[in-house]
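Heads up, the thing below is written out as structure tokens.
Bear in mind that the values in this text are calculations on the coordinates, not laboratory data. The shown structure was predicted, so the numbers you read here are calculated from the model rather than taken from an experiment. All Cβ positions, glycine included, derive from the backbone under ideal geometry; neighbour counts span all protein chains shown.
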Amino acid sequence: MKKIEAVIRPSKLDELKEALGKFGIHGMMVTEVIGCGLQKGKKEVYRGTEYTIDLLPKIKIEIVTGDKWVDEVIRIIINTARTGEIGDGKIFVYALENAVRIRTGEGGEEAI
């Protein structure tokens, strides 16, 4: 099993949820986060004063899936979340030792 974390633009969340749902991925965790990378923030003017906003809002999606589906899930995320501009986000893949469904006690891939 693998855990896939994707940090994406907030405007891409609904489109990505729909694309993953069509593939059969319905379980995911979504967190609002702030961060910076190559995008390095943006400048805004408020009441005549210019401010630099270093940390930008992003969405972090966490998905646990079987090893055989990892490449396809990554492909869906890339194709859906890509705008071609700096700030599109990143994808991280981790090996996952086990998962347990609390309600039934099922373990491994049956739990996801």
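Enumerate the pairs (first residue in the stretch 8-21 and closer than 14 Å to ILE86 by Cα; second residue anywhere and among the small types (Gly, Ala, Ser) and assigned to a helix (DSSP H, G or I)) with beta-carbon separation below 7 Å, excluding pairs fewer than 6 apart on the same chain, so at least 6 apart or on different chains.
Note: pairs meeting the criteria are ILE8/ALA81; ARG9/ALA81.
Being out of contact with any strand residue (DSSP E or B) (no Cβ under 9 Å at 6 or more places or on another chain), surrounded by 12 or more Cβ atoms within 10 Å (Cβ to Cβ) and without any contact (Cβ under 8 Å) to a residue 24 or more places away in the chain is the filter here; which residues of the stretch 76-112 pass it?
ARG82
For the stretch 76-96, give me each residue that is over 16 Å from GLU5 (Cβ atoms) and either in a helix (DSSP H, G or I) or of a type outside the set (S, T, N, Q) (or both).
Within the stretch 76-96, ASN79, ARG82, GLY84, GLU85, ILE86, GLY87 meet the criteria.
Would you check which residues across the stretch 47-73 are more than 15 Å from GLY89 (Cα to Cα), surrounded by 15 or more Cβ atoms within 10 Å (Cβ to Cβ) and more than 13 Å from the chain's Cα centre (by Cα) and list them?
Result: THR65, TRP69, VAL70.
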